[in-house]
Structure formats: C-alpha cells, structure tokens
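Taking it in order: structure first as structure tokens, then the write-up.
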Amino acid sequence: MRVGEFIKYLCFATGGSILVYFLLRLFMPIGEHSLLLWWSIGCFILLSTMAFITAGLAAKNAGGSTFIGLVMINVFFKLAASFIIVALYVKQVAPEDKFFIIPFLSTYLIFTVFETYFLNLQARATK
C-alpha cells in the first residue's frame, strides 16, 4: 500500500469514527463524552501510522516471521493504549453513566478494521 492510499483510508477511518459518533448521539446519551472520542482518534491515528511505517519496513527488509511478530506487538500496544486512554478518561472526567465507552469502542472497531485491511495488504507484499 502506498502512502497516499494509506492516508486516504486513514481519513476514511477518522471520518467514519466521527460520523458513527454523531449517529450514535441520536440514539444514546453520549454527547458529553466527545473528549474520549478525540483522545481515541488521536491515539489510533498515531498507532496506525506507526504500524504502517514499521510494517512497510518489515515487509521490505525481513521475512514473514518478523512481520507476524510486528503484528503481535501492534496488537499489544493497541490494547495497552486502549486501557490507558479509558482509565485516564475515567479518572479525569468521572463519568456518571456507562455510555462513555460507546464512542471509544466504535472508534476502536473502525480503526481495527482499517489496520487489518492495510496490514493484510502489506503481508501479501512479504510473500
């Protein structure tokens, strides 16, 4: 996957996350939890960009086992960052309801699909 294509799909993932948030606001009381949405979008943009760069390097310079290890490390960092973001949000904002997690989970799901797509394309390049 080329850089321009990655940026295009990254913009789609970001826009999709924002669109889903505003659609969910129509049905759930999540309007006050937009801060968690922005934190998660920023974090996942950073993690996706790092994964794209390192996966590109691994696809060019190493074999398939290095690429698989990279994917596993990416999953670990994404999971750890997710816990940290949610914990910091709960500590700082102290939300009164459980709906605060909905914007985060929708963003997590959208960016996970996006990462799976581009990592799958880059994995094919390692063969």
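Brief remarks follow.
- Residue count for region 16-56, restricted to those that are of a type in the set (A, V, I, L, M), more than 17 Å from T116 (Cα to Cα) and assigned to a helix (DSSP H, G or I): 8
- Pick from region 85-111, criterion aromatic (F, W, Y) and part of a helix (DSSP H, G or I), ranking: nearest to the chain's Cα centre (by Cα): F111
Every number here is computed from the coordinates shown, using simple stated rules; none is lab data. Since the model is a prediction, treat every value here as computed from it, not as a measurement.
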